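For reference, the structure discussed in these notes is given below.
The values are calculated or read from the model by the stated rules, or taken from the named source; none is laboratory data. Being a predicted model, the structure only gives us computed values, none of them experimental. Cβ placement follows ideal geometry from the backbone for every residue including glycine, while neighbour counts extend to all protein chains displayed. The area values use the complete protein model at the heavy-atom level, side chains included, leaving out ligands, DNA and RNA. Shrake-Rupley method; radii C 1.70, N 1.55, O 1.52, S 1.80 Å.
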Amino acid sequence: LDKDDQFAIEDKANKFYFKSRNSVEHFYPRKPKNGKLIKSTRKNILDKFGNLCLIASGKNSELSNHSPVAKTEHYVKSQSIDSLKQEIMMQIAKKNKWDNENGEACILKHGQEMIDIINTKFDSYDNW
């Protein structure tokens, strides 16, 4: 993400508060409404960490089979965020097409970026 995206996410993160989230969202859906399955050579690519986030179950069922672009458009209009991870995924979807053609690359890259962030944070705690 570029500096503007990072600033936008940081601004939202500062206003964010954690709530109970009990539903796993597949950002690229397992059964896309448009019928376009993701092109991947990997088994279970849609169940990888880079494609998942936790949100409220009502919101998950509302947009469950929509594309990442459609989900992003919906949430941008609503001005609410359920998940900081989902917000990052939506920023990626705005810049890159998180679609059936390059969805695998987006999923793998985002997953690794999140793991790197987690590892960096945990590495900073020397006396756990």
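Sorting check: for 28-37, 46-55, 59-68, which peptide has the highest mean count of neighbouring beta carbons within 10 Å, and how do the rest follow?
46-55, 59-68, 28-37
I need the shape label for the stretch 26-128. Rule: rounded when a/c is under 1.5, else prolate if a/b > b/c, else oblate, with a, b, c from the alpha carbon gyration tensor.
oblate
From the cross-link list Lys48/Lys85; Lys59/Lys85; Lys36/Lys77; Lys48/Lys109, which pairs have alpha carbons spaced over 20 Å apart?
Check vs 20 Å cut-off fails for Lys36/Lys77.
Kirkwood Rh over alpha-carbon pairs of the stretch 70-111, then Stokes-Einstein at 25 °C and 0.890 mPa s: what D in µm² s⁻¹, rounded to an integer?
Details: Rh = 10.7 Å.
Stokes-Einstein gives a translational diffusion coefficient of 230 µm²/s.
Sorted by accessible area with a 1.4 angstrom probe, largest first, how do Glu87, Glu101 fall? Mind dumping the intermediate values first?
Working: Glu87 5, Glu101 115 Å².
Descending order: Glu101, Glu87.
Residues with amide H under 5 Å of Ser23's amide H, sequence separation 5 or more or different chain, H placed in the peptide plane at 1.01 Å from N; which?
For Ser23, whose amide H was placed from the backbone, the distant partners under 5 Å are Ile55, Ser57.
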